[in-house]
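Let me begin by presenting the structure, written as structure tokens, before commenting on it.
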Amino acid sequence: MPCRSGWHGVLGGVGVRPSKNGRVNDSMLPPPLALLTKLEAVARQAGALILQVYATAFDVGHKADASPVTEADERAESCITAALIGIDPGIPVVAEEAASRGQAPAAGRRFWLVDPLDGTREFVARNGEFTVNIALIEDGVPVLGVVYAPVPDDMYLGAAGQGAWLVSRGLRSAMACRAVQGHSAVLACSRSHGDEAALQHWLQQLQPLLKISARRAVGSSLKFGLLAAGVADVYPRFGPTMEWDTAAGHAVLRAAGGEVEGLDGLPLRYGKPGYHNPHFVAWGAR
């Protein structure tokens, strides 16, 4: 299934409009909800390409940091990048695989952050817990994002000031973070990563303000989806992550009423040199 690039394809004929002097206007993005609809289509198309590879005996390579990479990562990234350029060629697209090759453009005030296949380890393990992540960043803040899990066909969407939604098997429902009841919370944690000793130290510091009643282990950015959907309450991450790992999930979570903070209590920001995240904690409603 080839990826249709440009505004005559997946974007349905709505693209960048040049100004009278022939230059592209500074901001030609459609309104947030219309843009979410376009990104949903892009993510689904990338997901279809990923599933094509998933159904084969694919090879697994490794990048310089020893993290795995497959043909699915590359095919999905090419698809997404072309589609985002079709939406507005003036907005830089910072995507994981291009960045790993030193080919990412400089991030400006507004830019896209893309992880075409978040949870490659889960993809290789064939447990279905991998996602397509696309986020729009403005002034360091994730203002809009989509997280798509192709295997269960679950799409998490959110835009600042507009709301957040889950589209699961064709059914769309609004999402909102839940308030923690009785100081008892459900912890979302990584299936393949994490520092258990650091987690336990953090939990001890948190008592008696918050008690963990259950854990939900899941791969990729689906942990943000659990918080946004009110299924879990907190997701602490003590280990290396990159901005494209978190941006889309962060955007959805913010739209649902949550936030992601560094251990200093300040909101996680984007566009940092090298795109490395500090340790962080994602919260639902507090």
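The values are calculated or read from the model by the stated rules, or taken from the named source; none is laboratory data. Just so you know, these numbers come straight off a predicted model, no measurement behind them. No Cβ is skipped: glycine too gets one built from the backbone with ideal geometry, and neighbour counts run over all protein chains shown.
Can you work out which of the residues in region 219-242 that are of a type in the set (A, V, I, L, M, F, W, C) and either assigned to a helix (DSSP H, G or I) or in contact with a Lys or Arg (Cβ under 6 Å, 6 or more places away or on another chain) (or both) is farthest from Ala104 (Cα to Cα)? Show your work before the answer.
First, pick out the residues of region 219-242 that are of a type in the set (A, V, I, L, M, F, W, C): 222, 224, 226-229, 231-232, 234, 238, 242.
Then drop every residue that is not either assigned to a helix (DSSP H, G or I) or in contact with a Lys or Arg (Cβ under 6 Å, 6 or more places away or on another chain) (or both), which leaves 222, 224, 226-228, 232.
Details: Leu222: 25, Phe224: 25, Leu226: 30, Leu227: 30, Ala228: 30, Ala232: 34 Å.
Result: Ala232.
When region 241-259 is examined, which residues are found to be polar (S, T, N, Q) and crowded, with 24+ Cβ neighbours inside 10 Å?
Pass one, region 241-259, residues polar (S, T, N, Q): 241, 246.
Once the filter is applied, which keeps residues that are polar (S, T, N, Q) and crowded, with 24+ Cβ neighbours inside 10 Å, region 241-259 yields only Thr246.
Let's see how each residue does on (1) farther than 22 Å from Pro240 by Cβ; (2) in contact (Cβ under 8 Å) with a residue 40 or more places away in the chain:
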position	(1), (2)
Leu51	yes, yes
Ala55	yes, no
Thr81	yes, no
Asp115	no, yes
Gly119	no, yes
Glu122	no, yes
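Can you tell me which residues in region 136-174 are on the phi < 0 side of the Ramachandran plot, touching a helix residue (DSSP H, G or I) at 6+ places or on another chain (Cβ under 8 Å) and surrounded by fewer than 17 Cβ atoms within 10 Å (Cβ to Cβ)?
Gln162
For region 55-127, give me every one of the helices (runs of 4 or more DSSP H) that falls completely inside it and has 3 or more residues that are modelled with pLDDT of 95 or more, buried (at least 23 other Cβ atoms within 10 Å of the Cβ) and outside the structural domain of Pro240 (by TED's automatic domain parsing).
Numbers: elements: 71-87, 96-100, 120-125.
Of the helices (runs of 4 or more DSSP H) lying wholly inside region 55-127, those with at least 3 residues that are modelled with pLDDT of 95 or more, buried (at least 23 other Cβ atoms within 10 Å of the Cβ) and outside the structural domain of Pro240 (by TED's automatic domain parsing) span 71-87.
Please go through region 145-183 and pick out each residue that is over 22 Å from Pro236 (Cα atoms) and either part of a strand (DSSP E or B) or assigned by TED's automatic domain parsing to the domain that holds Gly219 (or both).
So in region 145-183, the residues over 22 Å from Pro236 (Cα atoms) come out as 150-155, 159-163, 165-174.
Listed by number, the residues that qualify are Asp154, Met155, Ala159, Gly163, Trp165, Leu166, Val167, Ser168, Leu171, Arg172, Ser173, Ala174.
The rows are residues; the columns are (1) in contact (Cβ under 8 Å) with a residue 40 or more places away in the chain; (2) under 14 Å from Trp283 (Cα atoms); (3) in a strand (DSSP E or B).
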| residue | (1), (2), (3) |
| --- | --- |
| Ala185 | yes, yes, yes |
| Cys189 | yes, yes, yes |
| Ala198 | yes, no, no |
| Gln205 | no, no, no |
| Ser213 | no, no, yes |
| Trp244 | yes, no, no |
| Ala251 | yes, yes, no |
| Gly257 | yes, yes, no |
| Val260 | no, yes, yes |
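Is at least one residue of region 200-208 at pLDDT below 80 and under 27 Å from Pro240 (Cα atoms)?
Residues of region 200-208 at pLDDT below 80: 206-208.
Restricting the remaining residues to those that are under 27 Å from Pro240 (Cα atoms) gives 206-207.
Yes - at least one qualifying residue is present in region 200-208.
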